[in-house]
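Working notes for the structure below.
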Amino acid sequence: MPVITAVLGDITTQDVDAVVNAANKAMRGGSGVDGAIHHSGGPAILRDCIARFPNGLATGDAGWTTAGDLPARWVIHTVGPNYNAGQRDRSLLVSCYRRALEVADELGARSVAFPLISTGVFGWPRADAIAAAIETIAAAETCVDQVRLVAFDEAMHKRTRAALWVRCPPPVGPDTVGSLFERRPIQYGLRGDPYLWRELRVRFADTPLPDDWFTLRTLIMDTIGQVVGEHLGSRESARWHDNTEAIYVPEFDPGHGMSAGAVQVPWWLHTGVPILLDRYAALRGSDAFPAD
């Protein structure tokens, strides 16, 4: 499985073997990612498109051209389904990623940068588009080592990163705060909680365990507050099962219903943080909670 990374930036500046273009069927340039790649790569890309694809390219298929003036060596063009025009067969979107990776293997490309295909003017629901990208790339039998999922705006990047960390969590170091998050709880409060759990795991992946429990608790509580936009201390008196105390975090919303993206703050206060402190105590023994 390739290592998948969520990147905030401009796909035309990615220094990889191949960048993927979300093209249209005519293969003559367009708007959005397609227009940006043709503009930055120069006329050589269009000349190659005309020569290689005189009749365009089918939806769900992929093919390659030169990258022209781009930092990459190749552009892999793929035509995503137009959700707004009624093309709502998810297998077509999945095929874009699968075929692009097959073309990358034919070229010998080891690093590939993808946009989130069909999420622009084609209107594919963003949560499902992100899920289709991650699921397909993670399951692909490919020689590609590195895949970047490039989002131009911060909101889309955060949403992609959160979904990626749920599906493909990166490693954490030993004796770090992140290591306390290795074993997931059997049950969370709401659907946003597993996203926050993994977000904290990654944020603390290289953070050494502090010398005392109070410092650890403060660190975790302050970081949760940064993520959800409100310090947990303001909800101290809430009952753990009180859903009215939940905070909606847009990047944690997988699009699965009313509670999607909701972080159950009382659950963290009364269950999540105590679990982490118990794990810390198990590692540090009697020194974890010194007597008053």
Qualifying positions in region 177-204 - hydroxyl-bearing (Ser, Thr, Tyr) and not in a loop (DSSP other than H, G, I, E, B): SER179, TYR195
Answer residue from region 209-239, given it is outside any helix (DSSP H, G or I) and either modelled with pLDDT of 90 or more or in contact with a Ser or Thr (Cβ under 6 Å, 6 or more places away or on another chain) (or both) and is surrounded by the most Cβ atoms within 10 Å (Cβ to Cβ) among those: LEU209
Hits in region 240-252 - residues which are modelled with pLDDT under 85 and charged (D, E, K, R): ASP242, GLU245
Among residues of region 148-186, those that are within 15 Å of LEU196 (Cβ to Cβ) and either touching a Lys or Arg at 6+ places or on another chain (Cβ under 6 Å) or modelled with pLDDT of 95 or more (or both), counted: 7
Residues of region 22-44 classified as in contact (Cβ under 8 Å) with a residue 60 or more places away in the chain and either touching a Pro at 6+ places or on another chain (Cβ under 7 Å) or surrounded by 24 or more Cβ atoms within 10 Å (Cβ to Cβ) (or both), total: 2
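Conditions (1) free of Cβ contacts under 8 Å to residues at least 40 places away in the same chain; (2) of a type in the set (Gly, Ala, Ser); (3) surrounded by 15 or more Cβ atoms within 10 Å (Cβ to Cβ), marked per residue:
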| position | (1), (2), (3) |
| --- | --- |
| GLU141 | yes, no, no |
| ARG159 | no, no, yes |
| ALA163 | no, yes, yes |
| PRO174 | yes, no, no |
| TRP197 | no, no, yes |
Identity of the residue in region 32-56, in contact with a Gly (Cβ under 8 Å, 6 or more places away or on another chain) and not in a helix (DSSP H, G or I), that ends up nearest to VAL19 (Cα to Cα): GLY42
Only one of PRO115, PRO125 that is under 20 Å from GLN14 (Cα atoms) and in contact (Cβ under 8 Å) with a residue 24 or more places away in the chain: PRO115
Some residue of region 78-100 being among the aliphatic types (A, V, I, L, M), surrounded by 22 or more Cβ atoms within 10 Å (Cβ to Cβ) and within 30 Å of LEU276 (Cβ to Cβ): no
Residue list for region 107-129, restricted to those being part of a helix (DSSP H, G or I) and either touching a strand residue (DSSP E or B) at 6+ places or on another chain (Cβ under 8 Å) or not assigned by TED's automatic domain parsing to the domain that holds GLY86 (or both): LEU107
Condition check for LEU149: in contact with a helix residue (DSSP H, G or I) (Cβ under 7 Å, 6 or more places away or on another chain), in a strand (DSSP E or B), crowded, with 19+ Cβ neighbours inside 10 Å and of a type outside the set (Lys, Arg): yes
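The values are calculated or read from the model by the stated rules, or taken from the named source; none is laboratory data. In this text the structure is predicted, and so the values were computed from the model without any measurement. Cβ sites come from the backbone with ideal geometry, for glycine too, and all protein chains shown count toward neighbours.
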